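Visitor: The structure follows.
The values are calculated or read from the model by the stated rules, or taken from the named source; none is laboratory data. All of these numbers come straight from a predicted model, not from anything done at the bench. Reconstructed Cβ throughout: ideal geometry from the backbone, glycine too, with neighbour counts over all protein chains shown. In case anyone asks, the SASA skips ligands and DNA or RNA and just uses the protein heavy atoms, side chains included. Shrake-Rupley method; radii C 1.70, N 1.55, O 1.52, S 1.80 Å.
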Amino acid sequence: MSRPSTPVPAADDPLARERSHLAGSRAALRAMREDVESLDIKDVTANWVNAEVLARQIDDRIKALADLSDTPLFFGRLDYLHSPGADRAEGAEGERFYIGRRHVHDHDGDPMVIDWRAPVSQPFYRASKKDPMDVALRRRFGYTRGDITAYEDEHLSDPAEAAATSKLLQQEIERPRVGPMRDIVATIQPEQDEIVRSGLGGTVCVQGGPGTGKTAVGLHRVAYLLYAHRDRLARTGTLVIGPNRSFLHYIEQVLPALGELTVKQATVDDLVAAGLEVRGSDDAPAAVLKGDARMAEVLRRAVYSHVTMPTEPVMVVRGSRRWRVPAYEIEETVRELLDRGIRYGAAREALPQRIAHAVLVQMERSGEAPDDRVQDAVARNPAVKAAVKAIWPPVDPAKLVLRLLTDADFLAEHADGILDEEEQKTIRWAKPVRSVKSARWSSADAVLIDEATDLVERTHSLGHVVLDEAQDLSPMQYRAVGRRCSTGSATVLGDLAQGTTPWATRSWDEALAHLGKSDGVVEELTAGFRVPTDVITYASRLLPHIAPGLTPVASVRENPGFFDLRESSGTADVVTACEELLRNEGSTGLIAADARVPALARALTAAGIPYLAPGEETTAETRLTLVPASLAKGLEYDYVVLDEPQAVVDGEPDERTGLRRLYVALTRAVSGLIVTHTAPLPAQLAG
């Protein structure tokens, strides 16, 4: 295969040389992709199953080698004083590396671009004037639609050069947000990089205020772990859990842009409601109680209440012989299985084998020599099967939860000493339900069924789980997520100040305990890269009322941003504010209390302004998104119009939750925020 060549630029034109290296790197990436596309697997697979697996792996590799024309293939360069790992004797020659989203090599196998996750790339994020990490020069590149247009150098080992803030870094951070969330590989900060590169074995919890990049850090940690532990995670799997479908749609392109195509995404409801139709809802008091960790013990009692001690012996007939296992011996076995604490279903499967073993012991004492096949046959004997069914009957988790929620006596029996009478009444359904299929299950009910299911049969565990917006989970939801990584690790992301559910997390130590990861490390991000200074300063007035003691975010952006408070006479003024912000480049979000969204939608339509729903991708023609406040969490827009703050507060069941929802809405803007109101602003914003 012929390999493309690139012209050699003049030696005195650094920008031209870098453009030439970019062109050569793109050509090398195309050649790598063509090499994979040309593979012939007809003669290397033993059967059609292997062929299908290999073909899928090749297809994934081809997708991973795609060159995104509007995305820079590399974004930085490191010139080392010495070759990494080599002798650092005086006069030793250094080495140059281009840092990018994926590894690219030429036809000789020499690297043209180094993956940002490789150890040799780490100084790009960590090196400083105080600790240059043997880096002579760090170069950052500025891009326009995928082409190099500028570069910026830091001579980290030169004592004569003072440390300075990178202009290109600031420009990249403040670049307009159009479309879904993008990766941050070019702008990862040292404190973020430490979290990204933390090991697979430990669980990390990241407390981060608005705009600190916690979601991006979590996603990039997945990408790093897949790079560093690919074989292991290929076997065990990875999962990203988000709060809703709009959020998942918003972040879904980040990992593919980094070449990672195998990470699954889901909501907690997706995980626990598999095969169950969720059609109902709970009021806040019932939802809080159903999400309380105490329900786990109620369910455990209810499941194991089905076990009854034997009162009759088991008589096994084989040929002309009868073998009798007395009731007291079977009871000893049952109590031993209960004491071991193994899952209900596993113990139920073990019981017939244990009874059969008791029969085999008698056979051996009588002079017979039975083997494993005889034991299996005895375990399947009708008398043994009948005894097991009576002693340890099967349990249907959904039917069990249905009975707890509809049978007052059954609930009282198993909630005794755990839930008082009033609490039991709160979670019981007012009307009887005929069957599991006709029940109007709520999301909280689905979590209870998932807990009961795990008591019967172990939930499959993944190698690593990322849980975003974790502050909104109930203790029972944490347990459901923890089951999915019981033998793996987790990255927990959230902000206690943005907890907008009545059961919102009070502390990360408590959350990690419910997750089953009490040894997890809590890290805090306080440097804000997204929200402008004036906006985050205003929003932080709410912190003493919603999360006392939490460190306010300090914006590191040089641009203070645009912020304006406007008294409004109605929806016409809101539309005017949207029209004003749409004159700027980038995306605009109109955030409002859920109840006000229909009226604002009609006003926008009447004004001829097209708009999108949350999660839909913006286009050049449609850059405005109408966002109910309940769906604003995790989203970001260049400019935001926030309609009626007091209505956002009033839309929640209590003031604290309402103020937290308002804090979320106030912190979605990247470049500017206009707050419009006819009603007085919440008193907590005064100052």
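Visitor: Scan region 660-685 for residues that are outside any loop (DSSP other than H, G, I, E, B) and hydroxyl-bearing (Ser, Thr, Tyr) and jot them down.
Guide: Residues satisfying the conditions are 663, 671, 676.
Visitor: To continue, here is another question. Sort out which residues of region 309-349 are of a type in the set (Gly, Ala, Ser) and within 18 Å of residue 457 (Cα to Cα), and write them in order of number.
Guide: Correct list: 341, 345, 346, 347.
Visitor: When only residues in region 249-265 that are crowded, with 16+ Cβ neighbours inside 10 Å and within 21 Å of residue 459 (Cβ to Cβ) count, which is nearest to the chain's Cα centre (by Cα)?
Guide: 265
Visitor: Output the number of residues of region 418-430 satisfying the condition of being outside any helix (DSSP H, G or I) and open to solvent by 40 Å² or more (accessible area, probe 1.4 Å).
Guide: Of the residues in region 418-430, 4 are outside any helix (DSSP H, G or I) and open to solvent by 40 Å² or more (accessible area, probe 1.4 Å).
Visitor: Pick from 433, 395: which is surrounded by fewer than 20 Cβ atoms within 10 Å (Cβ to Cβ), part of a loop (DSSP other than H, G, I, E, B) and more than 25 Å from the chain's Cα centre (by Cα)?
Guide: Only one candidate passes the filter, namely 433.
Visitor: Please note which strands (runs of 3 or more DSSP E) are completely contained in region 437-554 and include at least 3 residues that are open to solvent by less than 20 Å² (accessible area, probe 1.4 Å).
Guide: In region 437-554, the matching strands (runs of 3 or more DSSP E) lie at 464-467, 489-494.
Visitor: Please enumerate the residues belonging to region 573-601 that are open to solvent by 60 Å² or more (accessible area, probe 1.4 Å) and in contact with a helix residue (DSSP H, G or I) (Cβ under 8 Å, 6 or more places away or on another chain).
Guide: Those that are open to solvent by 60 Å² or more (accessible area, probe 1.4 Å) and in contact with a helix residue (DSSP H, G or I) (Cβ under 8 Å, 6 or more places away or on another chain): 594, 595, 596.
Visitor: In region 336-380, what residues are at pLDDT below 95, surrounded by 13 or more Cβ atoms within 10 Å (Cβ to Cβ) and part of a loop (DSSP other than H, G, I, E, B)?
Guide: Scanning region 336-380 gives 342, 370.
Visitor: Related question: Any idea which residue in region 224-260 is farthest from residue 487 (Cα to Cα), counting only those that are touching a Lys or Arg at 6+ places or on another chain (Cβ under 6 Å) and of a type in the set (A, V, I, L, M, F, W, C)?
Guide: Restricting to residues being touching a Lys or Arg at 6+ places or on another chain (Cβ under 6 Å) and of a type in the set (A, V, I, L, M, F, W, C), the top hit is 258.
Visitor: Do we find that residue 297 is in contact (Cβ under 8 Å) with a residue 12 or more places away in the chain, closer than 30 Å to residue 459 by Cβ and exposed (fewer than 14 other Cβ atoms within 10 Å of the Cβ) in this structure? Even if it seems obvious, please write down each step before you answer.
Guide: On the way: in contact (Cβ under 8 Å) with a residue 12 or more places away in the chain: yes; closer than 30 Å to residue 459 by Cβ: yes; exposed (fewer than 14 other Cβ atoms within 10 Å of the Cβ): no.
Taking the combined requirement at face value, the residue does not satisfy it.
Visitor: Tally time: how many residues in region 534-567 are over 17 Å from residue 495 (Cα atoms) and either at pLDDT below 90 or of a type in the set (Phe, Trp, Tyr) (or both)?
Guide: So the answer is 9.
Visitor: Give me the pairs: first residue in region 225-251 and under 22 Å from residue 470 (Cα atoms), second residue open to solvent by 10 Å² or more (accessible area, probe 1.4 Å) and among the aromatic types (Phe, Trp, Tyr), beta-carbon distance under 9 Å, and six or more apart or on different chains, which are they?
Guide: The qualifying pairs are 242/250.
Visitor: Among the residues of region 555-572, how many are buried (at least 19 other Cβ atoms within 10 Å of the Cβ) and under 22 Å from residue 609 (Cβ atoms)?
Guide: Looking only at that region, the number is 1.
Visitor: Take the residues of region 106-123 that are in a strand (DSSP E or B) and of a type in the set (Val, Ile, Thr): which is most open to solvent (accessible area, probe 1.4 Å)? Working first, answer last.
Guide: Of region 106-123, the ones in a strand (DSSP E or B) are 111-115.
Applying the additional criterion that residues be of a type in the set (Val, Ile, Thr) yields 113-114.
Values: 113: 0, 114: 19 Å².
Looking at residues that are in a strand (DSSP E or B) and of a type in the set (Val, Ile, Thr), I get 114.
Visitor: Report, by residue number, each residue of region 289-335 that is of a type in the set (Lys, Arg) and assigned to a strand (DSSP E or B). Outline the logic, then answer.
Guide: Just the residues of region 289-335 that are of a type in the set (Lys, Arg), to begin with: 290, 294, 300-301, 318, 321-322, 324, 335.
Across region 289-335, the qualifying residues are 318, 321, 322, 324.
Visitor: Continuing with this model, one more query. Can you name every residue in region 555-567 that is of a type outside the set (Phe, Trp, Tyr) and either assigned to a strand (DSSP E or B) or within 23 Å of residue 497 (Cα to Cα) (or both)?
Guide: Going residue by residue through region 555-567, those that are of a type outside the set (Phe, Trp, Tyr) are 555-561, 564-567.
555, 556, 557, 560, 561, 564, 565, 566, 567 - these are the residues of region 555-567 that are of a type outside the set (Phe, Trp, Tyr) and either assigned to a strand (DSSP E or B) or within 23 Å of residue 497 (Cα to Cα) (or both).
Visitor: For region 569-659, give me every one of the helices (runs of 4 or more DSSP H) that falls completely inside it and has 1 or more residues that are touching a residue at least 24 places away in the same chain (Cβ under 8 Å), small (Gly, Ala, Ser) and under 19 Å from residue 685 (Cβ atoms).
Guide: Result: 571-581, 645-650.
Visitor: For region 3-40, what are the residues that are farther than 23 Å from residue 68 by Cα and either open to solvent by 100 Å² or more (accessible area, probe 1.4 Å) or modelled with pLDDT under 75 (or both)?
Guide: 8, 9, 10, 11, 12
Visitor: Name every residue in region 672-684 that is in contact with a strand residue (DSSP E or B) (Cβ under 9 Å, 6 or more places away or on another chain) and open to solvent by less than 20 Å² (accessible area, probe 1.4 Å), in order of residue number.
Guide: 672, 673, 674, 675, 676
Visitor: Next up: Evaluate the following for residue 284: is it at pLDDT below 95, farther than 30 Å from residue 116 by Cβ and open to solvent by less than 40 Å² (accessible area, probe 1.4 Å)?
Guide: Yes; evaluated as a whole, the condition is true for this residue.
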